[in-house]
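The values are calculated or read from the model by the stated rules, or taken from the named source; none is laboratory data. Everything quoted here is computed from the prediction, not taken from an experiment. Note that we place each Cβ from the backbone using ideal geometry, even for glycine, and neighbour counts take in every protein chain shown. What goes into the accessible areas is simple: the full protein's heavy atoms, side chains included, and nothing from ligands, DNA or RNA. Shrake-Rupley method; radii C 1.70, N 1.55, O 1.52, S 1.80 Å.
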Amino acid sequence: MTSATLERTQPTATATKPAVQKVFRRSEIKYLVTDEQRAAILSAASEHMEPDAWGATTVCNVYYDTPTGLLVRRSLDKPTYKEKIRVRSYGRRTPGSPVFVELKKKYKGIVYKRRAVMDEVRAEALLAGHGDPQTQIEREIDFAVRRYEGLAPACYIAYDREAYYAIDDHEFRMTFDRNVRARWCELDLTAPAWGEQLLPPGMSIMELKCGGAVPLWMVRELERLGVSKASFSKYGNAWKARHTRAHVA
């Protein structure tokens, strides 16, 4: 399936749209897998997991940062605590459609995420530090935004995602992100999802998201395939790729 097709993917008329989750507290474990490993994992998961109602989707993000890249540089240092601020749409945003404003924190390996859904005008105001927060989540985002001088759109990152959830535990989720691309211009969610590739051909980022332990059947499958944890920050790798090119030039 091409990225253009994925950008238009919507739930079928009979699918039940999942409720928008606004608060997360979970472990997120990343792996880099080949197409062959991905196929084997999906085969093993077929008895335990189901695709989520949205199906395959292009996830589009604009990351916010300071002029010196403080947030991404701090993240790459792997501190005990770090945070990211971004605005997201599922598929290329159409004029007038809402966006998701997210504050993602990580402390001692646990991810805490706050998500607010709003129109673009309110989102831009909130992220510029002069919004009118209406909810507790919006106030938390507003507080974080105001801590960083000069915070502004910095990097656009999109990827084609397939997501699954465990039949007997909807808190256990598995996602595969492919065709991960990034750019440092045209930081607009209504623009086409183009950018420089961050992954080698035939590779995916697999992420296991869980409130507790990873199921034993998944642990055994990963051991059988020789798949081990991998540290891969999409924004961090985009930053490193950009600055490696600048250093070489």
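Accessible area per residue for the stretch 174-217, computed on protein heavy atoms with a 1.4 Å probe, is 39 Å². Our coupling estimate for the stretch 184-195, obtained by passing each phi through the Karplus curve with A = 6.51, B = -1.76, C = 1.60 and θ = phi - 60°, is 10, 9, 6, 7, 9, 6, 8, 7, x, 8, 9, x Hz, Gly and Pro reported as x. When the solvent-accessible area of the chain is split by element, carbon and sulfur atoms take up 53 percent of it, the probe being 1.4 Å. All distinct Cα pairs of the stretch 157-249 go into the 1/r average, and the inverse of that average, the Kirkwood radius, is 15.4 Å.
Counting pairs of Cα atoms in the stretch 56-175, how many percent are more than 26 Å apart? Summing the P(r) of the stretch 56-175 above 26 Å gives 23 percent of all pairs. Stretched out straight at 0.36 nm per residue, the stretch from Ala230 to Asp77 would grow longer than its current Cα-Cα span by 53.5 nm. Checking every one of the GluC sites (Glu not before Pro) in the stretch 190-249 against DSSP loop status and a limit of 14 other Cβ atoms within 10 Å picks out no site at all. To test your reading of the geometry: what angle, between 0 and 90 degrees and rounded to tens, separates the Cα axis of helix 136-146 from the longest principal axis of the chain? Roughly 60 degrees between the two axes. Short-range pairs are left out: with C-alpha atoms under 8 Å and at least six residues apart, the relative contact order of the chain is 26 percent. Helix 216-225 and the longest principal axis of the C-alpha atoms of the chain enclose an angle of approximately 80°. At q = 0.09, 0.13, 0.18 Å⁻¹, what log₁₀ I(q)/I(0) does the chain have when each alpha carbon counts as one equal point scatterer in the Debye sum? Results for the chain at q = 0.09, 0.13, 0.18 Å⁻¹ read -0.39, -0.87, -1.72.
For the chain, a simple Cβ point-charge model (Lys and Arg +1, Asp and Glu -1, everything else neutral) yields a dipole of about 820 debye relative to the Cα centre. Between helix 234-248 and the chain there is an angle of about 70 degrees, using the helix long axis and the longest principal axis of the Cα atoms.
Taking a Cβ cut-off of under 10 Å around Tyr159, the surrounding Lys, Arg, Asp and Glu residues balance to a net charge of +2, with basic ones at +1 and acidic ones at -1.
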